[in-house]
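Asks: Please see the structure below; I have some questions.
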Amino acid sequence: MSQQLDHGAGLYGTELSEPAQREAFTNGDVPVAVYGLGKMGLPLAAVYADVSGNTIGVDIDEEVVETVNRGECHVKREPGLADLVSETVADGSLRATTDATAAAADAAVHVLMVPTLLTDEQEPDLSILTAAVESIGAGLSPGDLVIVESTVPPRTTVDHVVPRLAEVSGLDPDEFGVAACPERTVSGEALQDIRGTHPKVVGGVDSESGRVAALLYGELSDNEIIETSDATIAEAVKVFEGVYRDVNIALANQLATYAEAMDADVTEAIDVANTQPFCEIHDPGPGVGGHCIPVYPYFLTGAFDVDDDLLPTARAVNDGMADYTVSMLEAILAAHGVDRDDPTVLLLGLTYKANIEELRNAPSLPIASHLRETGVKVLGVDPMIDSDDWGDLDDIERVDLADATAQQADAVVVVTPHEEFAALDWDAFDAPILDGRGSIDADATDAPIYRIGGVWPNVPADHGSNHE
Ligand SMILES: NC(=O)C1=CN([C@@H]2O[C@H](COP(=O)(O)OP(=O)(O)OC[C@H]3O[C@@H](n4cnc5c(N)ncnc54)[C@H](O)[C@@H]3O)[C@@H](O)[C@H]2O)C=CC1
Ligand SMILES: CC(=O)N[C@@H]1[C@@H](OP(=O)(O)OP(=O)(O)OC[C@H]2O[C@@H](n3ccc(=O)[nH]c3=O)[C@H](O)[C@@H]2O)O[C@H](C(=O)O)[C@@H](O)[C@@H]1O
């Protein structure tokens, strides 16, 4: 029996030995297509290219495709990614295209890394995933493996992806493999995470799908490969991780409101509580953003008919922190004698998380629109957002970082503490500061600092409770 895989053939159902399969994969004889070249897709495609020597990235955004094919990297602040993209494009391991069906026809492994969002009714929106699945179906061959790395509601792979692939390709489901292998990566450390910070979870729709997926990720990751009993469990692992985080952030936010009432510093209480191993209370803040953590609970509540008060309540607590922040700000303005009809507030950090260029569900957005509704003039500084990308921020007047302290704002709010803010002269603002993430070293300034659920350094005694 030949120990040589025909170039382009798939590994699902192959009679080759596993060593021969690994050799075929790392020799470039098992072409890979990665669908979605965003914050997660580009790092993933680059690692697949580095290992397989034969990966094509697919994106609907022509600018993304052209950027990648120039060997350039559009995903910011991912250590090592720009070099890896440049190297793999230069040696021919990585290329990009907008032609998903042509890519699917060439590939034997198809990796879905496209966004999975919500409808306006907070229901899972799998339209993007479905479009990519249909493109793959149009080019699917017997022996191929389709991998769902996108985060999806549990049961999506078995109930939606497999039937759609079979219908579009005309193949019988047992002619190709499908596995849910959710991406457990954090932006800002994507390459190291993909290569093994955490165990890689792999869940095949059948044992052969799981076997092939585990073999491939055994080449990408130097961490343990955890093969779950089926694809649904693998999908649930990812969603449960995210829901765990949302509920625990809601707990931290609720505890912050109690800390205010008891005139105690919630951060100190949390830090000390977390010194025992059964406690991992998260951090309070102005809200939970991104298109992951605030979305994943709806992959359960919007996908299954279960009587659940907990997840919706946690979502309401987290979404309520924007208004909580605004109400604190209104009290701060009053305490500092600012009673004009149109005070000016400067927001520092608009994206959902420090040093990450993503505005989806960012707490700064409801904070800004709530302030605008009350007649406040809202200025914003965010070094992660170029001026030509400011269009979505129509409630906020853009200010360059260099001009931040010159704005004569009546109050300053640190919503997202980008690393650039560490160098700011907080005294130069000559205004009270609401430090939404507890990111300012109070010893470094005489400015009055207010925190959510925290002690308020440099705040005069008559300016409300909970102060030093
Ligand atoms: N951002 C994160 O920290 C993490 C995200 N994830 C999951 O990864 C998936 C992707 O998220 P991100 O990379 O952050 O999204 P993103 O928004 O950064 O990038 C998505 C990319 O997909 C492209 N795209 C949209 N429709 C497409 C289609 N039909 N075919 C091909 N490409 C298409 C877009 O043009 C964009 O370049 C989501 O399911 C998310 O839940 C998982 C772990 C971490
Ligand atoms: C369970 C978990 O930690 N998931 C991670 C999460 O990463 P993500 O980039 O969404 O950021 P995050 O650190 O969870 O923050 C989400 C939001 O929550 C806020 N946040 C975060 C932690 C906290 O204690 N308090 C808090 O208010 C952040 O400011 C941000 O607005 O979601 C990622 C994802 O699935 O996209 C996932 O891969 C990451 O491992």
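No value in this document is a laboratory result; all are computed from the given coordinates. As the structure is a prediction and not an experimental result, all values here were calculated from the model. Glycine gets a Cβ as well: all are built from the backbone with ideal geometry, and neighbour counts include every protein chain shown.
Asks: Taking Cα centroids, how far is the range 388-416 from the range 164-224 in Å?
Replies: 42
Asks: Let me ask something additional. Report the extension gain between Q4 and R372 in nm, rounded to one decimal, defined as 0.36 nm multiplied by the number of residues separating them, less their alpha carbon distance. Present the calculation step by step, with values, prior to reporting the outcome.
Replies: On the way: separation 368, 0.36 × 368 = 132.48 nm, distance 6.61 nm.
Going from the current span to full extension adds 125.9 nm.
Asks: Go ahead and estimate [θ] at 222 nm for the chain from helices alone: -39,500 (n - 2.57) per DSSP H run with n ≥ 4, summed, over the residue count, rounded to 500. Please report the intermediate quantities before stating the final value.
Replies: Values: 14 runs with 160 residues, N = 468.
The helix-only estimate for the chain comes to -10500 deg cm²/dmol at 222 nm.
Asks: 5 Å is the cut-off here: which amide hydrogens, built 1.01 Å from N in the peptide plane, fall below it relative to L434, excluding neighbours closer than 5 in sequence?
Replies: V412, V413, V414, Y450
Asks: Work out, step by step, the length gained on full extension between D425 and Y244: first 0.36 nm times the residue separation, then minus their alpha carbon distance; give nm to one decimal. If you can, show how the numbers build up before the last one.
Replies: Working: separation 181, 0.36 × 181 = 65.16 nm, distance 3.73 nm.
61.4 nm is the gain from fully extending D425 to Y244.
Asks: Ordered by residue, what ³J(HN,Hα) values in Hz, to whole numbers, does the range 437-449 give under the Karplus form 6.51 cos²θ - 1.76 cosθ + 1.60, where θ = phi - 60° and Gly and Pro are x?
Replies: 3J(HN,Hα) across the range 437-449, in whole Hz: 10, x, 9, 8, 6, 4, 6, 8, 7, 9, 5, x, 10.
Asks: Applying 1/(1 + (r/R0)^6) with R0 = 45 Å to the Cβ-Cβ distance of R70 and V338, what FRET efficiency is obtained, to the nearest 0.05?
Replies: Values: r = 50 Å, r/R0 = 1.11.
That pair, R70 with V338, gives E of 0.35.
Asks: Can you list residues whose amide H is under 5 Å from I225's amide H, if they're 5+ apart or on another chain and H is modeled 1.01 Å from N?
Replies: Sorted by chain and number, the residues that satisfy this are K200.
Asks: May I pose another question? Can you tell me the FRET efficiency between A444 and L171 if r is taken as the Cβ-Cβ distance and R0 is 60 Å, rounded to the nearest 0.05? Don't skip to the answer; put the middle values down first.
Replies: On the way: r = 64 Å, r/R0 = 1.06.
Once the sixth-power term is evaluated, E becomes 0.40.
Asks: Greater than 20 Å separation of Cα atoms is the criterion. Which listed pairs, K200/K353; K76/K353; K76/K238, meet it? Provide the component values of the computation, followed by the final result.
Replies: Numbers: K200/K353 25 Å; K76/K353 13 Å; K76/K238 24 Å.
Listed pairs above 20 Å: K200/K353; K76/K238.
Asks: Expressed in nm², what is the orientationally averaged projection area of the convex hull enclosing the Cα positions of the chain?
Replies: Working: hull surface 93.5 nm².
Over all viewing directions, the chain projects a mean Cα-hull area of 23.4 nm².
Asks: Okay, which of the range 125-153 sit inside 11 Å, backbone N to the point 7 Å along the Cα-Cβ direction of T119?
Replies: The answer is 125-127.
Asks: Which far-off residues, 5 or more places away or on another chain, put their amide H under 5 Å from the one on V34, with H placed in the peptide plane?
Replies: The answer is I56, G57, V58, V111.
Asks: How large is the dipole of the range 259-468 about the Cα centre if only Lys and Arg carry +1 and Asp and Glu carry -1, each at its Cβ, rounded to the nearest 20 debye?
Replies: Working: 9 positive and 42 negative charges, 58 e Å.
Roughly 280 debye, rounded to the nearest 20.
Asks: Between E62 and A354, what length in nm is gained on full extension when 0.36 nm per residue of separation is reduced by their alpha carbon distance?
Replies: Taking 0.36 nm per residue and subtracting the Cα distance, the gain is 102.3 nm.
Asks: Also: Kindly state, to the nearest 0.05, the FRET efficiency for S387 paired with F304, given R0 = 56 Å and r defined as their beta-carbon distance.
Replies: 0.80
Asks: Between T130 and A461, with labels modelled 7 Å along Cα→Cβ, what's the label distance in nm to one decimal, could you check?
Replies: Placing both labels 7 Å beyond Cα along the Cβ direction yields 6.5 nm.
Asks: I would also like to ask the following. Restricting to the chain, what percent of DSSP beta bridges are antiparallel, rounded to 5?
Replies: Details: 4 of 45 bridges.
The antiparallel proportion sits near 10 percent.
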